[in-house]
1. So what is the accessible area of the chain per residue, in Å², with the probe set to 1.4 Å?
2. If you filter the range 242-287 for chymotrypsin sites (Phe, Trp or Tyr not before Pro), then keep DSSP loop positions with at most 11 other Cβ within 10 Å, what is left?
3. Do you know the relative contact order of the chain, to the nearest whole percent, from alpha carbon pairs under 8 angstrom that are 6+ apart?
4. Taking the simple approach of a point 7 Å from Cα along Cα-to-Cβ for both Arg73 and Ala267, what is their distance in nm?
5. Between beta-carbons, use under 12 Å as the cut-off and find the net charge around His207, counting Lys and Arg +1, Asp and Glu -1.
6. How much length is gained if the chain between Leu218 and Ala370 is pulled fully straight, taking 0.36 nm per residue apart and subtracting their Cα-Cα distance, in nm to one decimal?
7. Add +1 for every Lys or Arg and -1 for every Asp or Glu among the other residues with Cβ under 14 Å from the Cβ of Ala105, and state the total.
8. Report, to the nearest whole %, how much of the accessible area of the range 4-110 belongs to carbon and sulfur atoms, 1.4 Å probe, protein only.
Amino acid sequence: MSDVLDASPYDALLLLSFGGPEGPDDVVPFLENVTRGRGIPTERLKEVGQHYFLFGGVSPINDQNRALLDALRKDFAEHGLDLPVYWGNRNWAPYLTDTLREMVADGRRRILVLATSAYASYSGCRQYRENLADSLAALEAEGLELPKIDKLRHYFNHEGFVEPMVDGVLQSLADLPEDVRAGAHIAFSTHSIPTASADTSGPVETHGEGGAYVEQHLEVAQLIADAVRERTGIDHPWQLVYQSRSGAPHIPWLEPDICDHLEERQAAGAPAVVIAPIGFVSDHMEVLYDLDTEASAKAEELGLPMRRSATVGDDPRFAAAVRDLVLERAAVQRGENVTPCALGTLGASHHLCPVGCCPARAPRPAAAGADSPYA
């Protein structure tokens with residue numbers, strides 16, 4: 001990259017996230033936003049929202065996004081990158097459409113988007129692009145001048161995303177009792193999705209069993225396991241596992257579930273397990289509840305020593321990685337040659353989502369891709 005921190009032609013970065021309730025009264029309206037169009041009764045949403053009520057009705061994700069915003073702004077300022085950073089959510093305030101309206105009012109016309117999902121999948125990429133298209137359509141209906149929007153590439157194998165997770169696993173291993181530490185297994189955990197969605201994740205050429213979603217997670221797991229071996233001299237057994245399934249029982253989802261995996265590891269004689277939530281950028285509700293509550297209770301029931309390693313969150317190395325991704329994409333947009341940072345064997349992901357990438361069951365317009373109606 002050039003020593004000159006030039007983000008042109010872009011004039012703003014948008015942090016795009018899922019959103020979450022910030023009080024008990026927000027829980028059901030938030031879940032109504034998440035499940036809109038599925039016809040789920042309010043009483044059922046109250047049942048689903050119980051894990052939020054256990055934490056006072058507050059999801060940690062918004063505070064974590066505020067911390068990431070601060071980290072990004074601090075990093076950009078310290079390195080002389082003059083690029084304002086905004087924040088919008090899919091399902092709760094600050095809502096994406098409102099943020100884009102604010103950006104237009106501020107004169108922003110070329111916007112880069114950082115989604116808080118590192119991997120290819122419908123829910124982790126294309127659905128965000130659909131949300132962007134919906135918001136642009138709303139602004140267009142208001143007669144506003146539409147900005148040009150691009151999305152940063154998937155960053156699952158960027159050093160600034162991987163290295164904090166390596167440190168997290170090392171710290172979790174060190175926290176285990178010494179007599180079980182060397183034999184500990186590592187469970188690399190991510191969000192389960194329907195197998196049909198996994199199989200069609202990523203560009204068409206990657207479609208197949210597990211698609212890009214599974215392939216990318218396996219790559220990150222291997223990178224972390226290799227780094228742990230290099231730094232400790234111990235080759236810990238590991239497996240990619242899944243959590244947070246929410247679909248109908250008759251629809252196949254990626255397995256094994258983390259709690260089932262813990263039972264299998266205990267039955268097989270594993271002395272301890274470290275759970276590494278590599279599929280999540282921060283410690284939001286699905287980490288706090290599904291891992292720190294449910295999986296922790298299962299491990300205690302089994303008498304299996306368990307530690308959960310940290311997510312990336314607002315680690316300065318991740319903020320630096322975002323800066324690198326911004327400069328990389330800006331240089332590509334200006335027609336310059338760049339060498340992207342990408343660990344492992346898969347290489348850097350595409351800058352522009354191609355046609356057929358992570359398709360939806362019912363086609364909808366999606367911005368910031370080759371099939372975008374907003375060129």
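1. Numbers: 15950 Å² over 375 residues.
Per residue, the chain has an accessible area of 43 Å².
2. Numbers: sites: Tyr242, Trp253, Phe280; in loops: Phe280.
Here no loop site has a sparse enough neighbourhood.
3. Relative contact order of the chain: 24 percent.
4. The two pseudo-label positions are separated by 5.2 nm.
5. So the surrounding residues net to -4.
6. Details: separation 152, 0.36 × 152 = 54.72 nm, distance 2.69 nm.
That works out to 52.0 nm of additional length.
7. Values: positive: Arg101, Arg108, Arg109; negative: Asp11, Asp98, Glu102, Asp106, Glu142, Glu145.
Here the count lands on -3.
8. On the way: 2580 of 5020 Å².
Heavy-atom surface of the range 4-110 belonging to carbon and sulfur, 1.4 Å probe: 51 percent.
The values are calculated or read from the model by the stated rules, or taken from the named source; none is laboratory data. Because the structure is predicted, anything quoted here is derived from the model rather than measured. Cβ coordinates were reconstructed from backbone atoms using ideal geometry, including for glycine residues, and neighbour counts include every protein chain displayed. Surface accessibility is based on the protein's heavy atoms, side chains included, excluding ligands, DNA and RNA. Shrake-Rupley method; radii C 1.70, N 1.55, O 1.52, S 1.80 Å.
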